Amino acid sequence: MNIDNIKNEFPIFNNKVHNNDLVYLDSANSSQKPKIVVDRIYDFYTKEFSNVGRSVHYLAVAATNLYENTRTSVQKYINAKDKNEIVFTKGATEAINLVANTYGNQYLKEGDEILLTELEHHSNYVPWHYLRIKKGVKIEFAEVNKDGEVTIESIEKKINQKTKIIAVTHVSNVTGAILPIKEITQLAHSKGIPVLIDGCQGAPHLKLDMQDIDCDFYAISCHKMYGPTGLGILYAKKKWLEDLPPYQGGGGMIKEVKKDLITYGDLPNKYEAGTMATAQVIAFDESIKFLNKIGINNIEKHEKELIEYGYEILRKNNSVRLISNPKQKGSAISFTLDGIHAHDIATILDEEGVAIRAGHHCCQILHDKLELPATARASLGVYNTKDDLDKLNEAINKCKKIFNTK
Amino acid sequence: MNLKELYQEIILDHGKNPRNLRKTENFNKDAKGHNPLCGDKVHIYLKLNENNKVEDISFEGQGCAISMASASIMTDLVRGKEEKDIKVIVNDFLEMIKQKEELNTKLLKEDEKTKLMCLSGVKQYPMRVKCATLSWHTLTAAIDNSQNKIDKESLEI
């Protein structure tokens, strides 16, 4: 599959937005869906639907096999050691809540510290916040530097005897900085501290190897990976999934239920209570196939070229203030314009068919630090081109014209 | 959709140079408004005299051109009005910005209505209506002294 014609695989690009071709630069928020993924959902519901893991009839067995196939595909895609280290959740948010709840309840006590970074999305902060309320643990934030990065040194500075877990993003959804997660994990493990990686902005763009990174937990958002909404993945080392208690109770996750005794099912069922997002899981297998057909190395190369180009043209535009300049650039670039608020930028860009996000991008801690109430963010996916970034730049110039700024 | 209707000269002017962007001395009513989705913030200060007329009104805050212009125009219009009339004006504005064709209240003069109608372009941009209404809702909260209790749990860390 050739990355240069990849837009053809996405039906959304056949539509016009305000009579313009769609320039979709909001993939950090959610990616568009290839036709094969959309078709798979339709086919499953129309030809193969059944609940999984329960009944013995033909459709149930077939659906269960498809569901488990995706688990194996994900295991291979991220090079996890065991397929039972893959837990399906309703999103990356639930994946992080799962760890905060189970690990937090079992291992954290008053005075313990959780180390996050100032780059974290609210979904890798708020779940830990409840442990402050419930248990009196403390949350520390490793500092972001002026380039929008969190370095291994700034992590190290905040680690002490009380640090009981480190939860950091793989890639910032605002500054685009790629964090040295392997080094952070090595450092943490050398001090006996487990590590959770929020992989929302990493998994769609970068080659993943869980055994190489060696992190304890890695949270994935499937809808940012050309997959359906309502689905996320928690990768967790088997030792943790065996050790930690279940997160939610219900059907499917039990072994034996008596009036005076309940025992829990084996992995992976222990963490998948109730009817899961079956169609989404099955369709996500097509997302993995899609990524494999292009090849993650090609995706990384393509997006790296684009982000460098994005930085280059926006730097030349003298009203644009880029808010960061990380050495390792992921697929997002955030900026402000002199004299024009980010929301006004987003509305004017939208009129040109250019879809970006404006606001704090669920990162209020970072925006407080930057002393900016809101920024505009362009973020990339496989389907973007240099032409898209040129259109972004032209639309920015239109903002300047309307607001009569230079 | 028409960007020119949204970003009229008067909106851009009020957005760039907001009137009454300051803090009233000796204010006797105030409220803070916050739109958590976009981060817009506004703090409205009111000084009512013994006849319950608005002697002064001002605001502090930050936000997009629409929200700043809306607060600026609103504070200009409200000065000198009676407290009991303000709510009628606010409701009339809120109905107009969401659906109604025009402003109906007799409490505003024609030139005041014309000025306010400059904000009516926002109607075509449903995601931006909240930008235009934030300061108006906050004004109501200031008059009612009904500042939403800030979630204590999240503050007491």
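The number of residues in the stretch A:248-268 that are touching a Lys or Arg at 6+ places or on another chain (Cβ under 9 Å) and either part of a loop (DSSP other than H, G, I, E, B) or buried (at least 23 other Cβ atoms within 10 Å of the Cβ) (or both) comes to 7. Filtered by the rule that a residue be under 24 Å from the mean Cα position of the chain (by Cα), more than 12 Å from chain B (Cβ to nearest Cβ) and of a type outside the set (A, V, I, L, M, F, W, C), the stretch A:125-152 gives A:PRO127, A:GLU140, A:GLU143, A:ASN145, A:LYS146, A:ASP147, A:GLY148, A:GLU149, A:THR151. Within the stretch A:46-71, residues that are over 17 Å from A:PRO228 (Cα atoms) sit with their Cβ atoms under 6 Å from residues that are assigned to a helix (DSSP H, G or I) and of a type in the set (Ser, Thr, Tyr), at 6+ positions apart or across chains, in these pairs: A:VAL52/A:THR64; A:VAL52/A:TYR67; A:VAL52/A:THR278; A:GLY53/A:THR64.
Which of the residues belonging to the stretch A:4-18 are part of a loop (DSSP other than H, G, I, E, B) and either more than 18 Å from A:LEU392 (Cβ to Cβ) or of a type in the set (D, E, K, R) (or both)? Break it down into steps so the answer makes sense when it comes.
Here is the first cut: in the stretch A:4-18, the ones part of a loop (DSSP other than H, G, I, E, B) are A:10, A:15, A:18.
Residues satisfying the conditions are A:PHE10, A:ASN15.
Restricting the stretch A:1-47 to residues that are of a type in the set (Ser, Thr, Tyr) and closer than 21 Å to A:ILE296 by Cβ leaves a set whose member that is surrounded by the fewest Cβ atoms within 10 Å (Cβ to Cβ) is A:SER30. Here the stretch B:46-63 is the region considered, the condition is being part of a loop (DSSP other than H, G, I, E, B), touching a residue at least 12 places away in the same chain (Cβ under 8 Å) and more than 14 Å from chain A (Cβ to nearest Cβ), and the residue that is surrounded by the fewest Cβ atoms within 10 Å (Cβ to Cβ) is B:ASN51. Looking at the stretch A:311-406, the strands (runs of 3 or more DSSP E) lying wholly inside it that each contain 3 or more residues that are closer than 19 Å to A:ASN29 by Cα sit at A:332-337, A:357-359, A:375-379.
Taking first residues from the stretch A:98-122 that are assigned by TED's automatic domain parsing to the domain that holds A:ILE181 and among the aromatic types (Phe, Trp, Tyr) and partners that are surrounded by fewer than 23 Cβ atoms within 10 Å (Cβ to Cβ) and not in a loop (DSSP other than H, G, I, E, B), the Cβ contacts under 8 Å between residues at least 6 apart in sequence or on separate chains come to A:TYR103/A:TRP240; A:TYR107/A:LYS164. Scanning the stretch B:17-25 turns up one or more residues that are within 14 Å of another protein chain (Cβ to nearest Cβ) and closer than 30 Å to A:ALA376 by Cβ. Evaluated against (1) within 14 Å of chain B (Cβ to nearest Cβ); (2) under 25 Å from B:LYS41 (Cβ atoms); (3) in contact (Cβ under 8 Å) with a residue 24 or more places away in the chain; (4) not small (Gly, Ala, Ser), A:PHE335 falls short on exactly one condition, (1).
When A:THR169, A:THR175 are checked against the criterion of being more than 14 Å from chain B (Cβ to nearest Cβ), in contact with a Pro (Cβ under 9 Å, 6 or more places away or on another chain) and either more than 30 Å from A:ALA358 (Cβ to Cβ) or crowded, with 17+ Cβ neighbours inside 10 Å (or both), a single residue qualifies: A:THR175.
Looking only at the stretch A:41-80, how many residues end up being closer than 13 Å to A:THR278 by Cα and touching a Leu at 6+ places or on another chain (Cβ under 6 Å)? Number satisfying all stated conditions: 1.
The values are calculated or read from the model by the stated rules, or taken from the named source; none is laboratory data. A quick note: this is a predicted structure, and the numbers were derived from the prediction, not measured. FYI the Cβ positions are ideal-geometry reconstructions off the backbone, even for glycines, and counts take in every protein chain you see.
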